[in-house]
1. Work out how far the C-alpha atoms of the range 39-185 reach from end to end along every principal axis, then list the three figures in whole Å, largest first.
2. Just to be sure I understand: with springs between alpha-carbon atoms less than 10 Å apart, which residue in Gly21, Gly117, Gly216 has the highest mean-square fluctuation in the Gaussian network model of the chain?
3. Can you compute the radius of gyration and Dmax for the range 276-413, using only the Cα atoms, both in Å?
4. What is the gain in length, in nm to one decimal, between Arg115 and Glu83 on full extension, counting 0.36 nm per residue of separation less the C-alpha to C-alpha distance?
5. Once you have the Kirkwood Rh of the range 157-247 from its Cα pairs, apply Stokes-Einstein at 4 °C and 1.567 mPa s and quote D in µm²/s.
6. Write down the Å³ per residue value for the convex hull defined by the alpha carbon atoms of the range 3-89.
7. Run a plain Debye calculation on the chain (Cα atoms as equal point scatterers, no solvent) and give log10 I(q)/I(0) at q = 0.08, 0.14 Å⁻¹, rounded to two decimals, same order as the q list.
8. What Kirkwood hydrodynamic radius do you get for the range 333-412 when you take the inverse of the mean 1/r over all pairs of distinct Cα atoms, in Å?
Amino acid sequence: MSGDRRQQFGAYLTRLRRATGRSQRQLADRLCALSGLQSVTRNEVSRWERGGRVPDAWLTFLAQALDTSPSELARAAAYARGETDIAPPGPDTTLAALLPQGDPLAPLTARTGQRLGHEAVAQLADRVHALRLADDVLAGGDLIAPAFRHLGAAVRLYRESTYAEGVGRALLAQIGELAQITGWIASDAGRHEQAERAYRIGIAAARQAGDRPLTGHLAGSLAYQFSNTGRLREGVELARAALADAGPETPGKARALFLDRIAWAHTRAGDAQSAMRALDEAHEALSEDQEPAPLWAYWVSRAELRVMDARVYTELRRPLRAVPLLEDVLTQYDATHTRELALYRSWLAIALADANEPEQAAAEAQRVISLSGDVSSERAAERCRVVLRRLSTFRDVPEVRGLLDEHGHLLSV
């Protein structure tokens, strides 16, 4: 039995376990509870995940504990034993499943467009970056129409025109970048199905361009949406696949971004230990960064990592860590970043409520609601509802009662 195959099986088990938010010890305890036996320990689970042993006798219970298909798990074990050549799903399989049906980027058989050179690529790159900069100060509802218009035009340009091979690859990379910001804008506007379609087109373009970090960026963006819309296991799996598919040569700034998304996915899935480990790795990646970063990672900075730290701490109910981080970060954003101010203050409001400071939380909530009313962002609107629901447990506090009396109607929207 091949050691490499056992290691692939072990990595597959690890991904399944992490997607459930369980530690190795918690998985061992769950297997003991399901089987009625007390013979599985954390060390045994670790041995399986390192590829030291295939847990044949435990496959049925593992499928239950890991919420996966028994037949799929059995096939993966058969692969590890050398009985089949069908490998267990890995990062490539995860990303391949996201590719749109057919090929929306296939050039037309009879192309009637102009012959394109690198100037056309540069013009498209300028439009992409201008849209990114616009997203810094405007919200999804303001930008979704022009974003999809630009994406459609770029795809048509690629399909209808002629160009040299190198120009074609460069165009595909720009389409991938345009699809990423378009998906991000659509997600901010609450148009999640449209966002997912844009991300899928982008993944197809980036893969055809051979741009692995960009493929990871697109997959990680979709993973972030999954984590925020209740698709928690998919969010964890895809966030980890995004990092793996990007490859070891990915610049540190981009790797830090991917690790931040992994941290958030684990946080949403309730796996605090994995989340904290990913945060540490993100800071380490940014500290070690020596390579020039892709243009799409221009905004990744130490301050942005601290924002994610604070969000993770807030979600994990660690307000004493979250509050000072958020208060410091908020001083670095001016009034032109209305959406970001609303989002970050919403986390501060939650953290203050968790710290049993309802009066301060109510004051922050008022600021969040005021700021959110000025932007067409469903993310910001949803954060208002999250804050109001959290503060409803403090209705007896006069400041909170006044806030809920004035803005409680937002909960029914």
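What follows is calculated from the coordinates using simple rules that are stated; it is not laboratory data. Computed from a predicted model, the values in this text were never measured in an experiment.
1. The principal-axis extents, from largest down, are 66, 40, 22 Å.
2. Of Gly21, Gly117, Gly216, the Gaussian network model singles out Gly117 as fluctuating most.
3. Spelled out, the Cα radius of gyration and Dmax of the range 276-413 are 16.2, 54 Å.
4. Roughly 6.3 nm would be gained on extension.
5. On the way: Rh = 13.2 Å.
So the translational diffusion coefficient is about 98 µm²/s.
6. About 76 Å³ per residue, rounded to a whole number.
7. So the normalised log intensities work out to -0.50, -1.26.
8. 12.2 Å
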